[in-house]
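Shown next, in structure tokens, is the structure this report addresses.
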Protein chains: 2
Amino acid sequence: MNTRAPSTRGLGELAQQLRVDSVRASAAAGSGHPTSSMSAAELMAVLVARHLRYDFDRPDHPANDRFVLSKGHASPLLYSAYKAAGVVDDAELLTFRKLGSRLEGHPTPRRLPWVETATGSLGQGLPIGVGIALSGKRLDHADYRVWVLCGDSELAEGSVWEAAEHAAYERLDNLTAIVDVNRLGQRGPTRHGHDLDAYARRFRAFGWHTVEVDGHDVDAIDRAYDEAVSTSGAPTVILARTLKGKGVKAVEDHEGLHGKPLPDPEAAVAELGGPRDLNVRVQEPNARRALHAVPDGRVELPRFSRGEEVATRDAYGKALAALGTGRGEVVALDGEVSDSTRAQFFAEEHPERFFECYIAEQQMVAAAVGLSTRGWVPYASTFAAFLTRAHDFVRMASVSGAGINLVGSHAGVAIGQDGPSQMGLEDLAMFRAVHGSTVLYPCDANQTAHLVAAMADLDGVRYLRTSRGKNAVIYDPDEEFPVGGSKVLRFSEQDRVTVVAAGVTVPEALAAAEALGREGIQVRVIDLYSVKPVDRFALRQAADDTGLLMTVEDHHPEGGLGGAVLEAFQDGRPVPRFVRLAVRTMPGSAAPDEQLHAAGIDADSIAAAVQLLVEQAVVR
Amino acid sequence: MNTRAPSTRGLGELAQQLRVDSVRASAAAGSGHPTSSMSAAELMAVLVARHLRYDFDRPDHPANDRFVLSKGHASPLLYSAYKAAGVVDDAELLTFRKLGSRLEGHPTPRRLPWVETATGSLGQGLPIGVGIALSGKRLDHADYRVWVLCGDSELAEGSVWEAAEHAAYERLDNLTAIVDVNRLGQRGPTRHGHDLDAYARRFRAFGWHTVEVDGHDVDAIDRAYDEAVSTSGAPTVILARTLKGKGVKAVEDHEGLHGKPLPDPEAAVAELGGPRDLNVRVQEPNARRALHAVPDGRVELPRFSRGEEVATRDAYGKALAALGTGRGEVVALDGEVSDSTRAQFFAEEHPERFFECYIAEQQMVAAAVGLSTRGWVPYASTFAAFLTRAHDFVRMASVSGAGINLVGSHAGVAIGQDGPSQMGLEDLAMFRAVHGSTVLYPCDANQTAHLVAAMADLDGVRYLRTSRGKNAVIYDPDEEFPVGGSKVLRFSEQDRVTVVAAGVTVPEALAAAEALGREGIQVRVIDLYSVKPVDRFALRQAADDTGLLMTVEDHHPEGGLGGAVLEAFQDGRPVPRFVRLAVRTMPGSAAPDEQLHAAGIDADSIAAAVQLLVEQAVVR
């Protein structure tokens, strides 16, 4: 027998209020998802009134429970709960979806301090919740719980099953998934309708504790939440049978009404018993347990000697391990290729802060986002090519404003024999187009080490591209590499062309310039290690001095280094003449040097292109 | 008792030959994945010798079984099987991974006619196999079977579970997944090691028939394949316990040897009993059943009147339905949003050729790839934002050279209130960077209809971006829109600026030009509906005439329309001055017109930007 306030009747009333307010907010907006909110009203009411432990005045309280609305379109329900909790007033509730309102169509932490992560792309809330729960279990050692409210439609996303696998394997009993099985998707019925057991079988097979419940029975829900809290050794999923639009006959369990305000909101509010003004007292967080203290030491980055042959991926691994030694908040994740990305160097030195995500890149990036919400600074790595698997998670991380570091190794044709499936040739374009991102592409080990350290303190999504093969260190270990900067590696008053390179094409450009210099053609070489933001001043100067820029990149021609350089000239002032060398054909298997040559981005190709421009008198 | 040739002993010998040849090929290459090949040698030997029905002389035979090597890194095993089948000789086998060889590190159909689809990004073979099996079951009505050889590590990918869900729901009993459970991934042990039942539980929960088998026992494998063939109503997964590097003690079941040639290949070959020269007679395809005949009629595209208010997504749906009526090989897929993308118009008219993929974008794109291998022309649609979920599948489709049409609706801030999670603001960058892709972005209904029809006959990945809101039809229904072209919508000898727009920014640009014209500032307007390939000639002409180009796009600034325009000037000739208007801040919720204004891409913003350039005398 549950003796906690409010009573069964009180919980029912609260649920009705959440419905009424969802209907009212959507009606005021003229859009939104009231029916998707109404199905989960009891699930939400019982959670906030009886089980959530959260201090709304201190959303950063380290012992707060964490709630993730994976079915982000049910935002009216969330905002109605905020109103019931007293942190949003009725006037603000009715600004829903209007210009300037904090109450967006889908919730984002950029606007609302109580939102952990942006949702609205389905199938992301649970994987991110896994990341938060990992933090609680393995790092924070705190008692907080993570509650994720999912839709049934989104269980079709593979990312949900990556999360199911990860959570059960890590025995995340601090995680509860609540599935609002209202049987209707956007376009019509889901595959499994109200067959709760179809979902339960799947979750059980993955190792979860499952509870099936009538999602409109507040007492049953209450017991289910109690069961979740008292289950140890496994995460719990509560599968709740509900009706979309529950409580208003005109819409209840009807198809074709997804994402639409109710046809007659006033009648609906009346049918729901009219407006209420209940306040819910949310329980305080349980702060018995000590929370993580992060020792902050001195970061001693690895130092490499000029001329030493080192792969930037090796420098990444060593720098990350050193960063982890100096900064206790740094954590690392990898997608079962840590021996290749060299995240293993971190894993060996800091196993307690390393997260093996196996071959599940969406879950890896989601876990990074989740960890970042708890104040950790995650570095997640896999082959550059396979980060495309998590593009939607990266996009949503930028909507959240999450601070995460992603590292893609084995970039470009320079990997050699493995062939195009393993070559990141689209990654620069992908990461550059992410709002607020930083894109870095070092060419030597010392530069890599400095950039790995600098990334930790930037905002938003940070991307570092590393290379498989070794090349000679060209910078001094004490050289500085500001984000947004570049390095002029070769310069004379007689420069006729500027070659802009990054990563593996830097040594190629230098070799070409050397050869051309011997023939009396002086070429400037810029190392554009900061692809975004880009060093407009250095590029403008080089353009003014030499008149023609040639970019050379181990990437497809669209949106990469060449795009970054051109986009530096978008202010209406004169634009330099421009030639781009990039990977224009589909590579096959071949040795790395053969690949660079076949793609036309090696030293010989650069020198030949410059020669041609001189002969054609394109270059003065 | 199985009486088919070869005998148990013969099968064992064949498996040893496949091992020997895998070791030899990798040794000759100096790289590759022999140990991952050796674990699956019996699985492959029994398949090709006893169960696969395939005419190697006619890889396009419509009744051929289809084999997909989802664990694409085990390519030495595949190529060794080709040698045993007599279609690759020993000399070619030893060109493995060398420049110019057809035998790439991971197999691709661009080079080898017997390969259905490129693999090497794990977790993709099964989803694509589902697409092929769907074709067999629902369209071809042919007896062929689809066999997919998977690794155990790749079962961590969510895409595998999207495939598991889709295949069971569609009762694809013509599909067999064979999982080589060798317990070792690249970096170390998998989560479940040799616990076959852990996998079996998961597949059974999703509705599959499961068989567990010793993967080195040829008779047991033979029986398992028989069981798969005779199982109806559900797909079968064969979970085979194997040892990585099986047969050579120095590497068998050892960690740390993934992706490496054997340390002593000669000793290994000796231990395996030395080279063999067995030939396998692969069974002929079973062509009893009639195969699909596609009626080819006349395509009567919908026609819209100038001035009529029509959303391009509506035009897409209507044009696709019409295309489907005229062309029987056109099929459509959607990710549970066909009421929004308007793929529902096709679904209503051609239900037998419509595939509901629910909210599983990776599986949707994979199914499109699979269908394309069987000669169908797929159109797959969801919100533009959610196609990012399938980026890795799109990338791999381009490696395959697959011909697929992808359609992203609800692009950009113009969707309005739903907010950034639903706004495609990175899609143009993503699709432009895909090798060999075509990117189209129509601004009115007639243009959309023509482009939808034109897409069907292009090569590679084709992307069409549609818009949510209605806007006035500006083109005549008989106007033509060549891919790679553009339209000059406003022109005079006095033009001082060229505004390049596409999609929703075209009407904004026209309105701005109209307003500016009233103030005596003449502006040229180009509708750049073909974002890739881009109309270099028209852009060059406009640059020469007006000196300054201004691009206006409902997309982030990187890699989209502006990038496409700038990349038209990469030949070393003079580049025009350039200004870009794009979405530079993270949008919230607001009405569509408010969004365009807030992003600075509406008519007022364009006019103000031109005014400013005139006042600053940047524009002559």
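The values are calculated or read from the model by the stated rules, or taken from the named source; none is laboratory data. Everything quoted here is computed from the prediction, not taken from an experiment. Cβ: placed from backbone, ideal geometry, glycine included. Neighbour counts: every protein chain shown. These accessible areas exclude ligands, DNA and RNA; they are computed on the full protein's heavy atoms, side chains included. Shrake-Rupley method; radii C 1.70, N 1.55, O 1.52, S 1.80 Å.
Quick look at the numbers
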{"read-out": "Residue ID - farthest from A:GLY10 (Cα to Cα), chosen from residues in segment A:177-216 that are more than 12 Å from chain B (Cβ to nearest Cβ), open to solvent by 10 Å² or more (accessible area, probe 1.4 Å) and in contact with an Asp or Glu (Cβ under 6 Å, 6 or more places away or on another chain)", "value": "A:LEU196"}
{"read-out": "Members of segment A:140-160 that are open to solvent by 10 Å² or more (accessible area, probe 1.4 Å) and facing chain B (nearest Cβ under 7 Å)", "value": "A:SER153, A:ALA156"}
{"read-out": "Any hit, segment B:23-32, residues being basic (Lys, Arg), under 21 Å from B:HIS258 (Cα atoms), open to solvent by 20 Å² or more (accessible area, probe 1.4 Å) and out of contact with any Asp or Glu (no Cβ under 6 Å at 6 or more places or on another chain)", "value": "yes"}
{"read-out": "Any hit, segment B:57-69, residues being of a type in the set (Asp, Glu) and closer than 23 Å to B:ARG276 by Cα", "value": "no"}
{"read-out": "Residues satisfying the stated conditions in segment A:534-567, i.e. within 11 Å of chain B (Cβ to nearest Cβ), within 31 Å of the chain's Cα centre (by Cα) and more than 14 Å from B:GLY559 (Cβ to Cβ)", "value": "A:THR551"}
{"read-out": "Qualifying positions in segment A:587-597 - within 8 Å of chain B (Cβ to nearest Cβ) and surrounded by fewer than 21 Cβ atoms within 10 Å (Cβ to Cβ)", "value": "A:ALA591, A:GLU594"}
{"read-out": "Filter pass, A:ASP545 being surrounded by 22 or more Cβ atoms within 10 Å (Cβ to Cβ) and in contact with a strand residue (DSSP E or B) (Cβ under 9 Å, 6 or more places away or on another chain)", "value": "no"}
{"read-out": "B:HIS73 touching a residue at least 60 places away in the same chain (Cβ under 8 Å) and assigned to a loop (DSSP other than H, G, I, E, B)", "value": "no"}
{"read-out": "Members of segment A:598-620 that are surrounded by 18 or more Cβ atoms within 10 Å (Cβ to Cβ), more than 30 Å from B:ARG111 (Cα to Cα) and more than 12 Å from every other protein chain (Cβ to nearest Cβ)", "value": "A:ALA607"}
{"read-out": "Tabulated pairs, segment A:395-406, first within 11 Å of another protein chain (Cβ to nearest Cβ) and under 11 Å from A:THR108 (Cβ atoms), second in a strand (DSSP E or B) and of a type in the set (A, V, I, L, M), C-beta under 7 angstrom, 6+ apart or interchain", "value": "A:SER398/A:VAL461"}
{"read-out": "Selection count, segment A:318-368, where residues are open to solvent by less than 10 Å² (accessible area, probe 1.4 Å), in a helix (DSSP H, G or I) and among the small types (Gly, Ala, Ser)", "value": "8"}
{"read-out": "Residue that is farthest from B:PRO34 (Cα to Cα), among those in segment B:248-276 that are outside any loop (DSSP other than H, G, I, E, B), open to solvent by less than 60 Å² (accessible area, probe 1.4 Å) and of a type in the set (Gly, Ala, Ser)", "value": "B:ALA267"}
{"read-out": "Any hit, segment A:503-516, residues being within 14 Å of chain B (Cβ to nearest Cβ) and open to solvent by 10 Å² or more (accessible area, probe 1.4 Å)", "value": "no"}
{"read-out": "Residue in segment B:217-230 that is under 26 Å from B:THR8 (Cα atoms) and not in a helix (DSSP H, G or I) present", "value": "yes"}
{"read-out": "Residue within segment B:79-94 that is open to solvent by 10 Å² or more (accessible area, probe 1.4 Å), without any contact (Cβ under 8 Å) to a residue 60 or more places away in the chain and of a type in the set (Gly, Ala, Ser) present", "value": "yes"}
{"read-out": "Subset of segment B:88-97 (residues that are on the phi < 0 side of the Ramachandran plot and either at the interface with chain A (Cβ under 9 Å from one of its Cβ atoms) or assigned to a loop (DSSP other than H, G, I, E, B) (or both))", "value": "B:VAL88, B:ASP89, B:LEU94, B:THR95, B:PHE96"}
{"read-out": "Selection count, segment A:103-118, where residues are among the polar types (S, T, N, Q) and facing chain B (nearest Cβ under 7 Å)", "value": "0"}
{"read-out": "Any hit, segment B:490-506, residues being assigned to a helix (DSSP H, G or I), assigned by TED's automatic domain parsing to the domain that holds B:GLN541 and on the phi < 0 side of the Ramachandran plot", "value": "yes"}
{"read-out": "Selection status of A:ALA5, open to solvent by 20 Å² or more (accessible area, probe 1.4 Å) and either outside any helix (DSSP H, G or I) or polar (S, T, N, Q) (or both)", "value": "yes"}
{"read-out": "Tabulated pairs, segment A:317-331, first assigned by TED's automatic domain parsing to the domain that holds A:ASN446 and within 11 Å of A:HIS350 (Cβ to Cβ), second modelled with pLDDT under 95 and in a strand (DSSP E or B), C-beta under 7 angstrom, 6+ apart or interchain", "value": "A:ARG327/A:ASP296; A:GLY328/A:ASP296"}
{"read-out": "Condition broken by A:LYS244, with the remaining ones in (1) without any contact (Cβ under 8 Å) to a residue 60 or more places away in the chain; (2) touching a strand residue (DSSP E or B) at 6+ places or on another chain (Cβ under 7 Å); (3) of a type outside the set (A, V, I, L, M) satisfied", "value": "(1)"}
{"read-out": "Matching entry among A:GLY136, A:GLY100, A:GLY131, A:GLY125 (being more than 7 Å from chain B (Cβ to nearest Cβ) and touching a Pro at 6+ places or on another chain (Cβ under 9 Å))", "value": "A:GLY131"}
